[in-house]
Amino acid sequence: MNVRNIVLDKYSAKVYKNRKEHIMELTEETKEQPIAANSRTVPGIITNRGCCYAGCKGVVLGPLKDVLVLTHGPIGCGFYSWGTRRNKAKTEDGRNFIEYCFSTDLQEPDIVFGGEKKLRQAIKEAVEIFKPKCIMICSTCPVGLIGDDIHAVATETEQLYGISCMAFSCEGYKGVSQSGGHHIANNTIMKKIIGTNDTPPKNKYSVNLLGEYNIGGDGWEVERIMKRIGYDVISVFTGDGSFEAIKNSHMANLNLVQCHRSINYIAEMMKTKYGVDWIKVNFIGIKSTIQSLRDMAAYFGDKELAERTEEVIDDELANIAEEKEYYYSKLKGKTAALYVGGSRSHHYQLLLSDFGVSTVLAGYEFAHRDDYEGREVIPTIKEDADSKNIEHLNVEKDDKKYHAYLTDEQYEMLKSKIPLEDYTGMIRHMENGSIIVDDLNQFETDEFLKLLKPDIFFSGIKDKYSLQKSGVLARQLHSYDYSGPYSGFRGSVNFARDITMGLYTPAWGFVTPPWKNRSTLKASLAGG
Ligand code: CFN
Ligand code: HCA
């Protein structure tokens, strides 16, 4: 059965032409084909994507605990990007700005007459009440449309109050998804924060953890493991993150990239400007965590560190052994569908496979092609590659230190020469016969659900309820449905416990959805 075609055939010719590029049914032949990504959703289709402001303010800047992040816009934008994000943060001095939602609460008269006055007033109040060292102003759609000059207000704020103030033109409508917002946030962090303090690291194993937003405490769990081994974690971008720590992040020896999609920009820029190497890591999943810890030890090339790494791995594994076996016995053979933003649909497949759950469908809301294909080559390939390939990769033959990131041209040139398994993208971890969908929409969700019948569907708040009403277990992979952490060793059993509870309490299967009993559409003839 060609599931992909069954779904696509229901579209009009115009939509078919667009969507066929975004949906792939994996076979030996299609595996090597490009998948269309990071392009505009067809107008009228109900997409699950978010906006540029969500990527900039909601994801990257929002978790900074010592920054007063001020949304210049209607209250809903500030509230939604605050109240729904489960990024946790602890502070020592009791001043934690992420507990507050700061907004200028723009109203109609401000849209008509301009909102800068209100922005200045909000900053004045914020400085008087909270005395922040840094304020970040984030624009929403109407601010871009009416042309308020938030950058001028930021410069004025710095002069007036002697504090740092940065402005982010991340109007929601910019670009095609959250992805542009990540970029806008990171560019300014790079330009204005990184490199402004030079405190030396505590030891030679100094790292930054990039692309970890501490949802449900994930970052804390990763830090706990790294600290046990002996790493000095200089900063985290940006889960439980701080402006003060990020100033010093260029002093680290190595950058660890957890969510590649949202942060590869910083990793690349820090490599160019400060020579800080980076490697991809994945602390979601037991095997992935072990691999990541070993890759880190291999980077530093230190025997003592490698031994300590193995000791910690053994101990952590022993602590979860019993639960791991129990949940494996409960979950083995189940199937899952995953549809999240730009990295978790890949990372969670590896955690699911630790418990014997296979993935029948996976998709990203806003990933770029490299997240599907993985333009980064893992170190072993450099040893195997012939010298010609190495030339293209711009790395020394015996330099196993960092992963090589391929440019578009290098990727096109090398992809037929380097086996697919050696790339780090999502596709290489997927089985033939599974489905990959970019920018999955509500219609396709319903159709694939009927055809693939996964036991569990992981996605977000927008599609969760329709999935449940269709009788399928739905878990939120953005917010973890108020649970977590799911990272590292302990997190993996938390995750397995949560989905076991769900699967063995199949309440949603007992529900008769309203549309089965009565028509949900009502119409009457004019005058009738
Ligand atoms: S925390 Fe991250 S892990 S940053 Fe990104 S791509 Fe979003 S907010 Mo929702 S859960 Fe999701 Fe990823 Fe990176 Fe989160 S999969 S969509 S923009 N994401
Ligand atoms: C966003 C944030 C989001 C939304 C989650 C969801 C998050 O990009 O708007 O749709 O359930 O993780 O909070 O991705």
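Structure summary
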item	result
47 Å tail of the calculated P(r), the chain, as % of Cα pairs	12 percent
Taking all pairs of distinct alpha-carbon atoms in region 115-230, Kirkwood radius in angstrom	16.9 Å
Residue-averaged [θ]222 nm for the chain, counting only DSSP H segments that reach four residues, each worth -39500 (n - 2.57)	-12500 deg cm²/dmol
Of 227/287; 330/450; 192/280; 57/192; 31/303; 124/462, those spanning more than 27 Å from alpha-carbon to alpha-carbon	31/303; 124/462
Rounded if a/c under 1.5, otherwise prolate or oblate - region 192-303, Cα gyration tensor axes	rounded
Stokes-Einstein translational diffusion, region 230-366 - Kirkwood Rh over all Cα pairs, 0.692 mPa s, 37 °C, in µm²/s	194 µm²/s
Directionally averaged projected area (convex hull, Cα atoms, region 48-124), nm²	5.9 nm²
Region 1-59 - Rg (one decimal) and Dmax (whole number), Cα, Å	14.3, 43
Under the span-like rule (Cα at least 18 Å along the axis, Kyte-Doolittle mean at least 0.0), DSSP H helices of the chain	286-300, 488-503
Residues with amide H under 5 Å from that of residue 172, placed H, sequence gap 5 or more	53, 141
Chain lengthening between residue 111 and residue 451 when straightened (0.36 nm per residue, less Cα-Cα)	117.7 nm
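Here, each number is a calculation from the coordinates, and none is a lab measurement. Here the structure is a predicted model, which is why all the values come from computation and not from measurement.
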